[in-house]
Amino acid sequence: MADTVLYEVSDGLATITLNRPEAMNALNVAAKVALRDAVGAAADDDAVRAVLLTAAGDRAFCVGQDLKEHIGLLAADRESGSGGTMSTVREHYNPIVKAIAGAAKPVVAAVNGVAAGAGFGFALAADYRIVAETAAFNTSFAGVALTADSGISWTLPRVIGPGRATDLLLFPRGISAQEAYELGIANRLVPASELRAEAEKVARGLAEGPTVAYAALKESVAFGLSHSLEETLEKEDELQTRAGASEDHAIAVRAFVNKEKPRYLGR
């Protein structure tokens, strides 16, 4: 991976770190390509059983598009008449969000600072968000005359409701960590000094858990959001059959009967 994004796998946990702290982890083309490749690799690697998405520095998780680079690309578009700059949504943001949300394993976002625009969208695509008390969120898009991307028009209404989501999209503003917790955007608040340790503890715990069951839970929740109760019951039956046939389920039952702690294999 490029230096703009760091990628490490250890004991089933893939740690992906946005690494442009001097630019508040803004997304230039190099960072978008590297992040797309990193989350894709983590999602496709069967040896990875959980993913931790975090960022370097203490000011920002990710402030979205690097506007300094973006303005130059827009100028080049005007000269060439190509309009290719906005293809970044299709080429970069969409694959990143699909890989995070669709990974058959839990993804934890450790939000250390400002998460704005696409950075907010990436955090929302994760399954669990641990947020520093000093962090903040902002949709940002309308503030630069753009519409939503990075999946935020899908994820944000499902997390906080369509009315509140529309308000935050039409009138971008800073959302404190405390308000984010009250809205349900943050799952857990921790002091900034404890964020990395707490996030690693949670992510490593998930990496040691029943991966097949976690994948089924992710799929079931996503399915239920857009299907009827009857269809969701059928999906639950299908997924429970899959989970019930896993080695981890047999391990869990034996451990329960023997009053032992299960040691899952992730299969």
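The values are calculated or read from the model by the stated rules, or taken from the named source; none is laboratory data. This is a predicted model, so every value here is computed, not measured. Every residue, glycine as well, gets a Cβ built from its backbone with ideal geometry; the counts of neighbours run over all protein chains shown.
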(request) Could you tell me which of the residues ALA222, ALA197, ALA250, ALA243 is at pLDDT below 95 and in a helix (DSSP H, G or I)? (result) ALA222
(request) Give the residues of the range 100-154 that are farther than 15 Å from GLY174 by Cβ, among the hydroxyl-bearing types (Ser, Thr, Tyr) and at pLDDT 95 or above, sorted by residue number. (result) TYR128, SER150, SER153
(request) Could you list, in sequence order, all residues of the range 134-171 that are part of a loop (DSSP other than H, G, I, E, B), surrounded by fewer than 19 Cβ atoms within 10 Å (Cβ to Cβ) and in contact (Cβ under 8 Å) with a residue 24 or more places away in the chain? (result) THR134, PHE171
(message) Restricting to the range 1-34, give me the number of residues that are assigned to a loop (DSSP other than H, G, I, E, B) and basic (Lys, Arg).
(response) 1
(request) Please tell me if ALA123 is among the small types (Gly, Ala, Ser), under 15 Å from TYR181 (Cβ atoms) and within 13 Å of the chain's Cα centre (by Cα). (result) yes
(message) Quick check on LEU217: is it touching a helix residue (DSSP H, G or I) at 6+ places or on another chain (Cβ under 6 Å) and assigned to a helix (DSSP H, G or I)?
(response) no
(request) Tell me which of these TYR181 doesn't satisfy, since it passes every other one: (1) in contact (Cβ under 8 Å) with a residue 60 or more places away in the chain; (2) within 26 Å of THR139 (Cα to Cα). (result) (1)
(request) Among the candidates ALA47, ALA30, single out the residue that is surrounded by fewer than 17 Cβ atoms within 10 Å (Cβ to Cβ) and either touching a Gly at 6+ places or on another chain (Cβ under 7 Å) or among the aromatic types (Phe, Trp, Tyr) (or both). (result) ALA47
(message) Kindly evaluate PHE120 against the criterion of being closer than 24 Å to VAL190 by Cβ and without any contact (Cβ under 8 Å) to a residue 60 or more places away in the chain.
(response) yes
(message) Name the residue that is surrounded by the fewest Cβ atoms within 10 Å (Cβ to Cβ), counting only residues in the range 241-267 that are out of contact with any helix residue (DSSP H, G or I) (no Cβ under 7 Å at 6 or more places or on another chain) and small (Gly, Ala, Ser).
(response) ALA245
(message) Among the listed residues GLU238, GLU230, identify the single one that is at negative phi, surrounded by 12 or more Cβ atoms within 10 Å (Cβ to Cβ), assigned to a helix (DSSP H, G or I) and of a type in the set (Asp, Glu).
(response) GLU238
